[in-house]
Amino acid sequence: MPEEKKETRKYFQGTGRRKNAVARVRIYEKGKGKFIVNDKEPKEFFKFFEYQQQAESPLELTEKKSKLDISVKVSGGGLRGQAEAIRHGIARALVEMDEELKPALRKNGYMTRDPRSKERKKPGLKRARRAPQWRKR
């Protein structure tokens, strides 16, 4: 049986993170604007249009949406965290591809990783800071 040759094209990689979500983004040059998230179309993957728009925002800002193919593997977190992780990963991959895009992406806040995440639960408390209800008698 002859081995199938897998198409190898040059790509630029970027890792985006937000809360517990991690997105591995690959941007292929000379594409047709194909965007795949976990082997699905973004319309299928994201339940809400807002998340889809948020994930694609660095491409719209740099006006490269129709010129590049993008493949994303994302895991962990919820849909919003995943959308923001994808946004961060796309921005990092775009900068790896073309360093001149960095000032515009940074100005819009796409290059900065949002460090806010859930605080750990502490012993003796119900949640991170929520103490058990106090009663006098």
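What to note about this one:
- Site pair K67 and R137 shows an inter-label distance of 7.7 nm when each label is modelled 7 Å from Cα along Cα→Cβ.
- Theoretical FRET efficiency, 1/(1+(r/R0)^6), r = Cβ-Cβ of R130 and R106, R0 41 Å, to 0.05: 0.65
- For segment 28-75, applying the loop criterion from DSSP together with a ceiling of 11 other beta carbons within 10 Å to the chymotrypsin sites (Phe, Trp or Tyr not before Pro) yields F48.
- Net length gained if the chain between R120 and F48 were fully extended (0.36 nm per residue, minus Cα distance): 23.0 nm
- Partners for K32 among lysines (Cα-Cα distance below 30 Å; same-chain residues under 8 apart left out): K5, K6, K10, K40, K43, K47, K64, K65, K67, K73, K102, K107
- Whole-Hz ³J(HN,Hα) from phi, Karplus 6.51 cos²θ - 1.76 cosθ + 1.60, for segment 24-39, glycine and proline x: 9, 10, 10, 10, 9, 6, 6, x, 10, x, 7, 10, 10, 10, 6, 6
- Between 0 and 90°, nearest 10: helix 79-97 axis offset from the chain longest Cα axis: 40
- Of R18, R130, the sequence from fewest to most neighbouring Cβ atoms within 10 angstrom is R130, R18.
- Dividing the mean sequence gap of close Cα pairs (under 8 Å, 6+ apart) by how many residues segment 11-107 holds gives a relative contact order of 44 percent.
Each reported figure results from applying straightforward, stated rules to the coordinates on display, with no laboratory input. For clarity, every value in this text was computed on a predicted model and none was experimentally measured. As a convention, Cβ positions derive from the backbone with ideal geometry for all residues, glycine included, and neighbour counts pool all protein chains shown.
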